Each structure stands twice: as structure tokens, then as C-alpha cells.
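Contents: one structure, followed by commentary.
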Amino acid sequence: MTALVGFSLFDRTAAAAWRQLSVDGTKQLRGWHETSIAARFAMAFSLGTTAVALVQISTSGVVGVRRHLRAIVESALAVASTVGLLGALAGVLAWVGRSVPALAGATDTIIRVVGNPLLWLGLVVVIVLIDRRNGRKAASAGAS
């Protein structure tokens, strides 16, 4: 259910992932292992491991966790390592910023702003609104 709601909210992201996975724009899909590393990362990070599992099931026609465990683990590791790397980078930047007296105040302000969940919630709302507006424009351009 979460995946369906997510795909519905970010339909352009789902469409971009579909284009990356489709073979020359056809309805035939490539599996996880037949796509480029960039396409794998984009799909895993934007749509999640659930999407990877669904793609694997739909491209192979075989269900079962054991059959697709490698692709699921690879996608989860790609997301986890990226988030870990970004977290480590942010931590190092915060440590350096707080270590330099001239930057300490600005660093604390930036950390407070970036650490506020309302910022990220607002960003998601703005992205959804822009996506819906662009979808309406595309639909009205296609109808005329």
C-alpha cells in the first residue's frame, strides 16, 4: 500500500524509473541486473526496495524472497551506503564548522534549519504540488 501511494504521489518519478527500466520504450522491462548502475541507484533510492522486488517479480515471473534476495539486498545496501555517506559528510562538515570559531554560529544555525522536519515536509509538499501542476499542464496540452 505504501508503494502504491508513493508511486501515485510521485508519478513523474515512477514514469522516469519506467523509462530507465523499459527496453527502448517498449512494455518489456529489464530486470535489476540488466540495468546500469545509475538506473539501479535511481530506482532504489527514489522508489525503494519494494519497487526493486516488484520489478524483479514482473520481469522474471518468479515469486519468492530467496529468488530475488540478491537484488533486494543490493538495492538496500545502495540506499544505506548513500545515506550513511551523506550522514558522515554532514557530520564532518558540522564538526569542522563548529571547530572554527568564526563559523560556529552559522554552522549551528544551518544545523537547526536542516534538522527541522518541517523544512523537509514543506519540500515534499512543494515537489508534489509542482508535479501535479506539471501533470495538469501536460494533460491539457495533450487534450488540445
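Looking at residue 18, is it in contact with a helix residue (DSSP H, G or I) (Cβ under 6 Å, 6 or more places away or on another chain) and either modelled with pLDDT under 80 or exposed (fewer than 10 other Cβ atoms within 10 Å of the Cβ) (or both)?
Spelling it out, it is not the case that residue 18 is in contact with a helix residue (DSSP H, G or I) (Cβ under 6 Å, 6 or more places away or on another chain) and either modelled with pLDDT under 80 or exposed (fewer than 10 other Cβ atoms within 10 Å of the Cβ) (or both).
Here is a yes/no grid of residues against (1) surrounded by fewer than 11 Cβ atoms within 10 Å (Cβ to Cβ); (2) over 24 Å from the mean Cα position of the chain (by Cα); (3) charged (D, E, K, R):
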site: 94; (1), (2), (3): no, yes, no
site: 97; (1), (2), (3): no, yes, no
site: 105; (1), (2), (3): no, yes, no
site: 109; (1), (2), (3): yes, yes, no
site: 116; (1), (2), (3): no, no, no
site: 120; (1), (2), (3): no, no, no
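In segment 32-64, which residues are modelled with pLDDT under 80 and among the aromatic types (Phe, Trp, Tyr)?
Those that are modelled with pLDDT under 80 and among the aromatic types (Phe, Trp, Tyr): 32, 45.
Return the only residue of 83, 126, 79, 55 being part of a helix (DSSP H, G or I) and farther than 27 Å from residue 37 by Cβ.
126
Every residue in segment 73-109 that is hydrophobic (A, V, I, L, M, F, W, C), in contact with a helix residue (DSSP H, G or I) (Cβ under 6 Å, 6 or more places away or on another chain) and free of Cβ contacts under 8 Å to residues at least 12 places away in the same chain, please.
103, 104
The values are calculated or read from the model by the stated rules, or taken from the named source; none is laboratory data. Computed from a prediction, not measured in an experiment: that's the story for all the values here. Positions of Cβ are backbone-derived with ideal geometry, glycine not excepted, and every protein chain shown enters the neighbour counts.
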